[in-house]
Structures are given as C-alpha cells and as structure tokens.
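One structure is given here, and the rest of the page talks about it.
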Amino acid sequence: MLRVRCFRGGSRGAEAVHYIGSRLGRVFTGWVQRSFQSTQAATASQNTFAANDNKATSPVPKDCLVCSYNEWDPLEEVIVGRAENACVPPFSVEVKANTYEKYWGFYQKFGGQSFPKDHLKKAVAEIEEMCNILKREGVIVKRPDPIDWSVKYKTPDFESTGMYAAMPRDILLVVGNEIIEAPMAWRARFFEYRAYRRIIKDYFKQGAKWTTAPKPTMADELYDQDYPIRSVEDRHKLAAQGKFVTTEFEPCFDAADFIRAGRDIFAQRSQVTNYMGIEWMRRHLAPDYRVHIISFKDPNPMHIDATFNIIGPGLVLSNPDRPCHQIELFKKAGWTVIQPPVPLIPDDHPLWMSSKWLSMNVLMLDEKRVMVDANETSIQKMFENLGISTIKVSIRHANSLGGGFHCWTCDIRRRGTLQSYFD
C-alpha cells in the first residue's frame, strides 16, 4: 500500500506548507501538514493497513442506484451535462485567473450573455449524440434540468449571472453510495446545483447518501483581488510560488479537482480548490478513504482530469506538459504511467475555458472500453495499443465550453467493489 508519509518528502510540499504557515499561522500550518500527510495516523503499521482494508464499511442499500468507487469499473448509469442556455461568466477576478489572455476580450464583451448561438447549437447536437451512443453501449443516461443562466442574482456579498450545467464532474463527486455536492469557487457557478437537485433528490429517495459541502459566501476575501496576472510568465512564476487567486478565507473546491482510485482519492490545490476545501473532504471521508494532495508543474491548475487521469487499476495518464511532482510514488507502487500524445485540435478552434489537453479527458466505460474524441487519432492509437477499444464521438464544439468526456459526465453507478489499489 502506498505510504502517505512519502508525500512529505517532496520539497514542493514542504515549501507549500511553509508558505501557507507563514501566511496564516501555526494552527493552520498544522492541518495543512496533515493534509499533505493525509491519514498518516492510519498508516502506522502494516497491521493497521490490513485492519483498515478489511474493516466493514457502511453497506450500500441493495436497491441504491448510486455506487461508484473509481474511474474504470463497468459504467451502468451516468449524468451528462447540458449546453442549453450556457452563458459567458462575468469577467471577475477568479474568471480572469482561470482563462487565457487571448480570450479576455471575449469575456469583457460577452460576460453575462449567451455563448455564440451557432456554436451552442452544434455543442447541444454533439452532446445529444454522445448520450445516444452511451445508451447504445448499455449505459443509463440522466440529464440536469434546463435553466435560464442569464438571470442576474444577488447575495449579501456579490452579484452575478450564472453560467451553465454543462459539466456535472465539476460539481458532483460520487464516493461509494454518497453524492457530494461541491461548493464551487466561481461566483457565476454559485447556483449551479439547482439544475441537478431533481436528479439528486430521486437518488436520495432510492437510498443514496447526499452531502452538500459548506457553501462559501464568495465574499471578496475569498479572492486575491490584486492577483497579478499579466502574461504566461506571470502564471508560471505564481504557480511556482504556490500562489493562487483563491485564498484560505473559507473552504472552496470543485469536485473535478479530485480523482478516485478506490480507497485513495487524489486532489490538487488549484485556482478553484483551496487547502481548506481539501481538508474538509479529507475529514469528511476519513477513515474509509484517504485523500492525498498531489501537485503538478502547471501554470494554471484548474481541475485534475486533463492533467492526471486514472484510467484503470495501476494505470494513469499523466500530461507530459504538466508533470506530476509525486509521480515516482505511483511508479514505486507498481503503477504504469503513460504520457498521452500531443493533442490534434487546431490552433484556431475556440477553447474559451480550457487547453487542448481535453484530448486525455476521456471517459472509461470499463477497463477495456473508452470514449474518446473522434478527431484525436493519435490517442485512439495509444489506447488500441493498450488493448482498449475506442468509442469515437466528436464533441469539438462542446470542448469549447471547457470540458471533454470526463468533464461532461458524472458516473453515478459503476459495477464494482471498494478496494485499495496501492497494496
């Protein structure tokens, strides 16, 4: 089993703890260290490992429709997002920090308005076809409710318009028979949960656990209002210093900054997920699950699954442009680390919210079937060489809204059991 104490050894982890401690004090330093060490107390001896691994966990009700422990067990039911009514978020400080300079004019001009109508129409058609293909593969598909995201709303701390319900992976995390509703970090996504409430209530009635993480106020104090981004060089410098646009004022996280491998869940500190959010998740899921912080050479970290995508037991895609600082831990644990090929998406295709590396943001239907973009022939060949059949779907226009197949979905039920993959 992977010894979590190994995460302490990296100098970047120590630097991050020192930096946070210097900013926020000894008490805060203590629990950040515990986050880096994860559940070290539970890994005191090999006997403890065995006891923990064999310990009975809360049984999943027999008729519960929700049950998923990893990213690759056979997929039986999934939520797929909607592009309908998607709106450009207002150009606030957190949006600026997460988007590329060449699109800032787009946000300044169209913030609060619809994404280009023709583009949205094509994205809607692509996702409909994706849903049809999933159904033909034997997967039950659920969809969020359509909502008018252009409506302005106001809280005591801010006002904004909404964005969309396109990426259920961003807001929902399924761990066993529990649906965890993420608090989010963008003001434009504050009320995004409303599109999913009907579905979640139905799952709850069928026996699922339903947890909503503490909702942040999203007051000005949650954001570094003077976050100094002016160029790509700025991004690299800030990332190297461990500085992010979100502060530690209150817990915040997007569910897509967590990726599951049975009892072990890996998370990154990003522009939308802070250490307090990761710590909340760690405490909430302990002792049955261990949450580990990993980090990457990434100038703009936001969501882990186009950087580090676990696709099978002992098998992970690791973005060659954003190497993982702790990758040797996976190799020492016997995992196979695969670097996916360079994406083929054209330079002139609009990607308002993401990079080209959505090519590796794939959805595993099981260990031997993967949903992959029909245009990405290089990664198709990579999967075929691994003995994994490719189910090809084109979602180029849907990509423009900020996600690939993994982002556009949230797996509700996979046929499998809770296991540890680091023995």
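The values are calculated or read from the model by the stated rules, or taken from the named source; none is laboratory data. Keep in mind that this is a model prediction, so the values were computed, not measured. Here Cβ is always computed from backbone atoms with ideal geometry, including for glycine, and neighbour counts include all displayed protein chains. Calculation scope for accessible area: heavy atoms of the full protein, side chains included, ligands and nucleic acids excluded. Shrake-Rupley method; radii C 1.70, N 1.55, O 1.52, S 1.80 Å.
Overview of results
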| item | result |
| --- | --- |
| Solvent exposure of the chain as accessible area per residue, Å², 1.4 Å probe | 40 Å² |
| Protection proxy ranking of 108-115, 375-382 - average other beta-carbon atoms within 10 Å, highest first | 375-382, 108-115 |
| Solvent-accessible area of residue 388 with every protein chain in place, 1.4 Å probe, in Å² to the nearest 10 | 10 Å² |
| Rel. contact order, % - alpha carbon contacts under 8 angstrom, at least six apart, region 148-226 | 30 percent |
| The chain - percent relative contact order, Cα under 8 Å, separation 6 or more | 22 percent |
| Among 157, 373, 348: highest mean-square fluctuation, GNM of the chain, C-alpha pairs under 10 Å | 348 |
| Amide proton proximity set for residue 391, modelled H, under 5 Å, gap of 5+ | 370, 371, 372 |
| Mean Cβ count within 10 Å, highest first, over the residues of peptides 279-289, 64-74 | 64-74, 279-289 |
| Whether region 140-230 is rounded, prolate or oblate, judged on the alpha carbon gyration tensor where a/c under 1.5 counts as rounded | prolate |
| Region 96-249: radius of gyration and largest Cα-Cα distance (Dmax), Å | 18.1, 50 |
| Mean separation of Cα contacts under 8 Å (6+ apart) over length of region 343-403, as relative contact order % | 41 percent |
| Stretch gain in nm, segment residue 153-residue 198, where the contour uses 0.36 nm per residue and the Cα spacing is subtracted | 14.1 nm |
| GNM result for the chain, Cα springs below 10 Å: residue of 151, 141, 80 fluctuating most strongly | 151 |
| Region 194-280: trypsin sites (Lys or Arg not before Pro) in DSSP loop, at most 14 other beta carbons within 10 Å | 230, 243 |
| Cα-based convex hull, region 324-423, per residue volume (Å³, whole number) | 129 Å³ |
| Within the chain: Cβ-based charge dipole about Cα centre, in debye rounded to nearest 20 (Lys, Arg +1; Asp, Glu -1) | 540 debye |
| Gaussian network model of the chain, Cα within-10 Å springs - most flexible of 346, 144, 299 | 346 |
| Which labelled figure in (i) 29, 27, 22; (ii) 33, 27, 21; (iii) 49, 33, 19 is semi-axes √(5λ) of the Cα gyration tensor in Å, once derived from the coordinates | (i) |
| Of all accessible heavy-atom area on the chain, the percent that carbon and sulfur account for (1.4 Å) | 50 percent |
| Those chymotrypsin sites (Phe, Trp or Tyr not before Pro) in region 148-227 that DSSP places in a loop and that have at most 13 other beta carbons within 10 Å | none |
